[in-house]
Amino acid sequence: MRRYRYVSLSRRVWMRRAVFIAGALLVGLTAVGFAQIANGAQDVYSYILKNHPVLPLVITPAGFAALAFATMRWFPAAAGSGIPQVIAARKSSDQAHRRALLGWQTTIAKIVMTALALVIGASVGREGPTVQVGASVMFAVATAAGLGRQNGFVLAGSAAGIAAAFNAPIAGILFAIEELAKAFAGRINDIVIGSVVIAGAVSWLILGNYDYFGQIPADVVQARDWAVVPICALFGGVLGGLFSISLITLSRKPFGILALIKRRPIVFAALCGLLVAILSIATAGYASGNGYAETRASLVDGQTMPWWYGLAKLASTLLSSASGIPGGLFSPSLAVGAGLGSMITPIFTFADPRAFMLLMTVGYFAGVVQSPLTAVVIVMEMTSDRNMVIPLMATALFAASISRLISSEPLYHALARGYYASVFRIHGTPDVSAGSPSAR
């Protein structure tokens with residue numbers, strides 16, 4: 001009883017709880033605001049493409065080059081999706097290094113530059129960056145309150161970011177355990193679950209209890225329908241693994257002519273932007289943006305995607321991610337998976353096309369990130385589809401296993417190596433504590 005009374009009345013315990021509640025509220029509000037900004041940014045590009053269809057040939061490569069320069073020069077921790085930075089921050093015991101990866105300057109830059117990437121037609125999403133933003137908000141709140149155990153707050157903020165971005169609270173918890181922690185604990189930390197609940201509730205109160213993609217009437221009901229599972233696992237796992245190893249190679253160890261071009265990163269970013277612009281114009285905008293509208297129209301409304309959509313989206317997402325500009329992989333990867341499923345449905349006509357697209361979506365996504373349970377729960381919560389749980393799990397597990405044969409190290413963890421303290425500071429990370437660039 002004395003121990004219970006001490007814990008209940010401890011000023012520090014209640015301070016920690018109050019800080020975590022305030023941080024989770026801020027994560028939810030920030031995630032909602034980020035979503036609105038990103039949606040508006042994508043609308044701007046759609047307007048540009050519709051009214052000035054050749055203009056992307058200028059603004060997209062120029063924008064890629066400008067964003068790559070700004071990222072390298074001032075905000076190196078804002079590059080890419082943001083999840084590798086969170087992984088590196090959790091592994092670090094250096095407070096200055098953590099501030100460099102999760103500081104408020106990086107948070108603001110991440111939001112602004114991801115939105116600008118959507119304005120210029122990059123194939124990126126805001127869901128991955130929301131993970132870094134959520135971790136940064138929690139880290140800032142915990143630091144301001146002078147609390148220790150910042151690793152727990154960073155993990156909770158990341159999970160809350162996923163929950164608020166997708167309206168998928170269980171996926172937020174699983175993502176924190178499976179991807180960021182890469183371990184299963186016997187007891188899930190209360191702070192992770194609590195932050196997910198609060199951030200998810202904020203999103204729900206403001207945006208409503210929506211399904212990210214909507215409810216999808218798909219099911220696998222007959223024995224022959226189960227043949228869809230190995231097909232989607234094979235295609236999704238192979239292509240997801242190839243995307244993963246290609247991005248790791250382009251980002252960390254390019255070879256041949258690519259290595260020569262990458263020595264001039266601004267030129268490389270401009271070339272990536274030019275190729276994305278060509279793909280965008282050739283596909284009437286399909287290859288740009290986060291792919292949410294096209295995926296939803298296909299999965300929910302049954303609209304047929306062009307046969308080339310999945311491959312074009314895969315190429316533009318790879319180019320956008322390799323260029324070094326800020327932007328996430330989650331939503332574009334889901335769009336690629338749905339597009340690949342739509343591409344092969346005319347070949348395999350024995351099953352419901354929507355089941356094919358749904359299973360290919362989870363198969364490709366699991367192949368890219370190699371976190372099968374997170375992939376299943378994200379797709380399940382986004383569609384409110386409980387009938388497909390077992391086929392989704394089987395597809396994701398097989399696809400992730402196939403992907404590991406191609407890319408032995410998970411994508412985000414491989415990219416996180418570039419943000420470890422020993423490497424990140426060598427390349428000129430700003431020393432946030434001192435307010436000046438560190439020596440190379």
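What is the fewest-to-most order of 47, 420 by other Cβ atoms lying within 10 Å of their Cβ?
Ascending Cβ contact count within 10 Å gives the list 47, 420.
Would you list 232, 272 from fewest to most Cβ contacts within 10 Å?
272, 232
Which of the lysines could a cross-linker bridge to residue 253, judged by Cα under 21 Å and excluding same-chain residues fewer than eight apart?
In chain and number order, the partners are 262.
If you rank 17, 126 by fewest surrounding Cβ atoms within 10 Å, what's the result?
The order, fewest Cβ neighbours first, is 17, 126.
Taking all pairs of different Cα atoms in region 48-98, averaging 1/r and flipping that mean, what Kirkwood radius in angstroms comes out?
13.3
Once you order the gyration tensor axes a ≥ b ≥ c over the Cα atoms, which shape class does region 295-336 get: rounded for a/c under 1.5, otherwise prolate or oblate by comparing a/b with b/c? Before the final figure, lay out the partial values.
Values: a/c = 4.43, a/b = 1.93, b/c = 2.29.
The shape class here is oblate.
How much FRET efficiency would the formula 1/(1 + (r/R0)^6) give for residue 303 and residue 73, where r is the Cβ-Cβ distance and R0 is 35 Å, rounded to 0.05?
Numbers: r = 43 Å, r/R0 = 1.22.
Efficiency at R0 = 35 Å is approximately 0.25.
In debye, nearest 20, what is the charge dipole magnitude of region 223-419 about its Cα centre with +1 on Lys and Arg Cβ and -1 on Asp and Glu Cβ, if you could check? Could the numbers behind the result be given before it?
Details: 12 positive and 7 negative charges, 153 e Å.
With Lys and Arg at +1 and Asp and Glu at -1, about 740 debye.
Taking the Cα-to-Cβ direction at residue 311 and at residue 57 and moving 7 Å from each Cα, how far apart do the two end points lie in nm?
The modelled label-to-label distance comes out at 2.4 nm.
Please work out the FRET efficiency for the pair residue 347 and residue 404, using the Cβ-Cβ distance as r and a Förster radius of 35 Å; give the result to the nearest 0.05.
About 0.85, to the nearest 0.05.
Roughly how many whole Å is it from the C-alpha centroid of region 137-167 to that of region 45-97?
Between the Cα centres of region 137-167 and region 45-97 lies a distance of 22 Å.
Test of understanding: express the Cα radius of gyration of region 223-419 as a ratio to 2.2 N^0.38 Å, with N the residue count.
Normalised by 2.2 N^0.38 Å, the Cα Rg of region 223-419 equals 1.00.
For residue 17 and residue 390, FRET efficiency with R0 = 45 Å and r from the beta-carbon atoms, rounded to 0.05?
Details: r = 38 Å, r/R0 = 0.85.
Given R0 = 45 Å and the Cβ-Cβ separation, E is 0.70.
What does the C-alpha gyration tensor say about the overall shape of region 65-180? Classify as rounded when a/c is under 1.5, otherwise prolate if a/b is larger than b/c, or oblate. Write out the running numbers ahead of the final one.
Numbers: a/c = 2.07, a/b = 1.25, b/c = 1.66.
Taking the square roots of the gyration eigenvalues as a ≥ b ≥ c, region 65-180 is oblate.
Tell me, what ³J(HN,Hα) does each residue in region 55-61 have, in order and in whole Hz, if you take phi through Karplus 6.51 cos²θ - 1.76 cosθ + 1.60 with θ = phi - 60° and put x for Gly and Pro?
Running phi through 6.51 cos²θ - 1.76 cosθ + 1.60 with θ = phi - 60° gives 4, x, 4, 9, 6, 5, x Hz.
If each residue of separation counts as 0.36 nm, what is the full-extension length gain between residue 420 and residue 255 once their alpha-carbon separation is subtracted?
Result for the pair: 57.1 nm of gain on full extension.
No lab work stands behind these numbers, since they all come straight from the coordinates. Computed from a prediction, not measured in an experiment: that's the story for all the values here. Heads up, the Cβs are rebuilt from the backbone with ideal geometry, glycines too, and the neighbour counts pull from every protein chain shown.
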